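**Student:** Take a look at this one; I'll ask things after.
The values are calculated or read from the model by the stated rules, or taken from the named source; none is laboratory data. As the structure is a prediction and not an experimental result, all values here were calculated from the model. Here the Cβ positions follow ideal geometry from the backbone for every residue, glycine too, while neighbour counts run over all protein chains shown. Ligands, DNA and RNA are excluded from the accessible area calculation, which covers all protein heavy atoms including side chains. Shrake-Rupley method; radii C 1.70, N 1.55, O 1.52, S 1.80 Å.
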Amino acid sequence: MGVSVVGLRMDTSRQLYEQDAAGWRRGLYEDVKRTFRAPIVNWFFRTLTANEPAFTRYLWTQCKPLFQTRAFGRYTVAYRDAVLSALEDASADVPRYRCADLDLRPPEWRELRGQVATFDIVAPRLAFTFAVCDRAMNDELPEPEPTGEPWTAPLPEWLDRDRGLSVTMVDGDAVPADLESTVEVIRDFHGLEGGLPSIYRCLAQWPNYLEPAWSDLAVLESDAFERGRDDADAVVNDHLESLPYAPRLSPAALSERGFDDATIDDLRKFVRQFNRGAIETVLPALVVYAATLDVAGERSL
């Protein structure tokens, strides 16, 4: 998903795609995928690497250990459960589809479910990434108060392992004609001003799913989904308050690393934009889409 920030010097149209990454950048992308346990490198990392590679490498070294603990695993399943429990508690109707319901061939059905599972895996990870980077870069993280064993125990090997598939997408300007009206409604709902988020560019490959799913997902406009969003935000906030350490991403820390004031200001604006606006509805919706295809992950640990 693209962002547009007034006064931003960074060219947000520039991205370093995986197939073009070489050297340490390729290694960074492989490490992000391995750490996230998902075969995808988000737009956030691709744009940062293309524009500010030194910062991206430093950011990753500061944040990577936070994704590798049992406490983080507990957070990811709590995030997913917060969204789905709010819908269930309100008896909100989340459609459930089978292959035959969508007139898809079995290979298409497997690809659809596998790729949506990937988005389900990354939803809580991206929510945390955007929040921790935004707050760290704006001196808004609380003092670390680690709670013991969950922060020293490793992330369980089995959690979210090997259940997603590599994501493919239509070009942002190549949405199938029969989806144009649906895509416009999607834009309105999420308040999208730039390009389509990756999830919709992915789902546009299967109009037989996206069109009926969006039509059936009135639940996304319900009070129950809003409560789910709020509950998921609370899960993120609670996790941030128990971090074992604060990543050294404050303006003062970045200045010590040799980044000039203009670059730091640019990066703070860029990161903050990811933690505001459309992302507040897009990320929780990933969990709901996964539920419609019965590929949502664990909800307790």
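**Student:** Can you tell me which residue in region 45-59 is farthest from PHE119 (Cα to Cα), limited to those that are surrounded by fewer than 19 Cβ atoms within 10 Å (Cβ to Cβ) and of a type outside the set (Lys, Arg)?
**Tutor:** Here is the first cut: in region 45-59, the ones surrounded by fewer than 19 Cβ atoms within 10 Å (Cβ to Cβ) are 52-54, 57.
Filter once more, so that each one left must be of a type outside the set (Lys, Arg): 52-54.
On the way: GLU52: 25, PRO53: 25, ALA54: 27 Å.
For region 45-59, the residue satisfying everything is ALA54.
**Student:** A follow-up question, please. Just name the residue that is nearest to SER13 (Cα to Cα) out of those in region 173-192 that are outside any loop (DSSP other than H, G, I, E, B) and of a type in the set (D, E, K, R).
**Tutor:** ARG187
**Student:** Can I ask one more? Find the residue count for region 110-127, including only residues that are surrounded by fewer than 19 Cβ atoms within 10 Å (Cβ to Cβ) and farther than 12 Å from VAL167 by Cα.
**Tutor:** Of the residues in region 110-127, 1 are surrounded by fewer than 19 Cβ atoms within 10 Å (Cβ to Cβ) and farther than 12 Å from VAL167 by Cα.
**Student:** Please tell me if ALA234 is without any contact (Cβ under 8 Å) to a residue 60 or more places away in the chain, within 23 Å of PHE67 (Cα to Cα) and of a type outside the set (D, E, K, R).
**Tutor:** Answer is no for this residue.
**Student:** So which of VAL170, VAL175, VAL132 is at pLDDT 95 or above and either out of contact with any Ser or Thr (no Cβ under 7 Å at 6 or more places or on another chain) or of a type in the set (S, T, N, Q) (or both)?
**Tutor:** VAL132
**Student:** Name the single residue, out of those in region 222-272 being assigned to a helix (DSSP H, G or I) and among the basic types (Lys, Arg), that is most open to solvent (accessible area, probe 1.4 Å).
**Tutor:** The selected residue is ARG227.
**Student:** Could you look through region 15-38, keep only residues that are open to solvent by 40 Å² or more (accessible area, probe 1.4 Å) and not in a helix (DSSP H, G or I), and pick out the one that is nearest to ASP160 (Cα to Cα)?
**Tutor:** Here the answer is TYR17.
**Student:** Sticking with this one: For VAL77, are the conditions met, namely being within 30 Å of ALA262 (Cα to Cα), open to solvent by less than 40 Å² (accessible area, probe 1.4 Å) and either modelled with pLDDT of 95 or more or out of contact with any Leu (no Cβ under 7 Å at 6 or more places or on another chain) (or both)?
**Tutor:** Judged against the criteria, VAL77 is not a match.
**Student:** Within region 4-11, is even one residue open to solvent by 30 Å² or more (accessible area, probe 1.4 Å) and modelled with pLDDT of 95 or more?
**Tutor:** Scanning region 4-11 turns up no residue that is open to solvent by 30 Å² or more (accessible area, probe 1.4 Å) and modelled with pLDDT of 95 or more.
**Student:** Out of curiosity, is ARG276 open to solvent by 20 Å² or more (accessible area, probe 1.4 Å), basic (Lys, Arg) and at pLDDT below 95?
**Tutor:** yes
**Student:** Could I ask something else about it? Would you mention how many residues in region 162-209 are closer than 24 Å to PRO106 by Cα and surrounded by 12 or more Cβ atoms within 10 Å (Cβ to Cβ)?
**Tutor:** Adding up the residues that qualify gives 22.
**Student:** For ARG276, all conditions in the list (1) in a loop (DSSP other than H, G, I, E, B); (2) touching a residue at least 60 places away in the same chain (Cβ under 8 Å); (3) under 24 Å from ASP139 (Cβ atoms) hold save one; what is the number of the exception?
**Tutor:** (2)
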